[in-house]
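Read through the structure below, which is laid out as structure tokens, and then see the notes.
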Amino acid sequence: TPDVTPLVAGNWKMNGTRASLDQIKAMAEGVKGPLSKKVETLLCPPATLLYVATALCDDSPLMIGAQDCHEKTSGAHTGDISAEMIADCFGTHVIVGHSERRTDHCESDALVRAKAEAAHAVDLVAIVCIGETGDERKEGRTLEVLKTQLAGSVPDGATAENTVIAYEPVWAIGTGLTPTAADVAEAHAFMRGELTARFGGEGAKMRLLYGGSVKPGNARELMGVANVDGALIGGASLKAEDFLAIYRAY
Ligand code: PEP
């Protein structure tokens, strides 16, 4: 998208211990340099590593975010973390509505929207994930699913600054399967149209990431598709070498 700075974001999911901090250090070092003026980078480690990760990235353009937040600001919600807690650890972003949370924790579009609003309230960027299942694609319902999820999960207060959309076909996550470039182009053009209709100029420049089996070997092709403004990377973000190779594909 013209005039939009791409974002390469990693999602470690439920992976990573103190032993993995060397990978974060290597990423923080690897993204120093002129390319960082043109491409933003973000890593979302598990919440247990958030605070130490932001300290490691103190002098690096690598930003640190979380993988989920609760929709409320505080209170009796054992095991959950609030958006404010993420901001307090110097996190800048939070992923909301990842398909694994929609499935494992039965998260609805309304809940995802409330989580994005909680993120915005403390000036975090919300990365709102949407995407069709394999069955929905086979039934030809992909665009209809994206329309419903965008309408339901993205808050009215979304701007190009505070919101990133990640298109992640559920069947492509962790499977090694990817849609064709033409399929990605169709989905992203559709999302761009929906967001522009609802948010005007903000929708026209909101970042749209592609996620689902992005690897060093396919990053250039996928990132080159029209309306793809970066990647959300699971498995290939665990090793600094792979994450940096995808970043350098730009
Ligand atoms: C993800 O979980 O956001 C993801 C895209 O995973 P992977 O890259 O492993 O398919």
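Just so it is clear, none of the values below were taken in a lab; they were calculated from the coordinates. No experiment lies behind these values; they were computed from the predicted model shown. Cβ: placed from backbone, ideal geometry, glycine included. Neighbour counts: every protein chain shown.
In the P(r) worked out for region 100-142, what percent of Cα pairs fall beyond 11 Å?
Working: 631 of 903 pairs.
More than 11 Å apart: 70 percent of the Cα pairs in region 100-142.
Within the set LYS115/LYS138; LYS13/LYS147; LYS72/LYS239; LYS138/LYS215, which residue pairs have Cα atoms separated by over 28 Å? Beyond 28 Å: LYS115/LYS138; LYS72/LYS239. The calculated P(r) of the chain, using every Cα pair and 10 Å bins from 0, goes 8, 34, 39, 17, 1 in percent.
Report, in debye and to the nearest 20, how large the dipole of the chain comes out about its Cα centre when Lys and Arg carry +1 and Asp and Glu carry -1 on their Cβ.
Values: 23 positive and 33 negative charges, 103 e Å.
With only Lys, Arg, Asp and Glu charged at Cβ, the dipole is about 500 debye.
Helical content alone sets the calculated 222 nm signal of the chain at -10500 deg cm²/dmol, taking -39,500 (n - 2.57) per DSSP H segment of four or more residues and averaging over every residue.
Checking the cross-link filter: which aspartates and glutamates have an alpha carbon closer than 14 Å to that of LYS205, excluding same-chain neighbours under 8 positions apart? In chain and number order, the partners are ASP3, GLU161, GLU194, ASP229.
The convex hull of the Cα atoms of region 154-250, projected and averaged over all directions, covers 6.1 nm².
So for region 53-200, what are the equivalent ellipsoid semi-axes in whole Å, largest first, each being the square root of 5 times an eigenvalue of the Cα gyration tensor?
Values: eigenvalues 143, 56, 53 Å².
Working through the eigenvalues yields semi-axes of 27, 17, 16 Å.
Assuming a ≥ b ≥ c are the square roots of the Cα gyration tensor eigenvalues, decide whether region 15-90 counts as rounded (a/c under 1.5), prolate (otherwise, with a/b larger than b/c) or oblate.
Verdict is prolate for region 15-90.
Taking all pairs of distinct Cα atoms, average 1/r, flip it, and tell me the Kirkwood hydrodynamic radius of region 132-203 in Å to one decimal place.
On the way: mean 1/r = 0.0770 Å⁻¹.
In region 132-203 this quantity evaluates to 13.0 Å.
Cα centroids of region 51-124 and region 2-48: 16 Å apart. The peptide list 89-96, 70-77, 47-54, 1-8, put in order of mean Cβ contacts within 10 Å with the highest first, becomes 89-96, 47-54, 1-8, 70-77.
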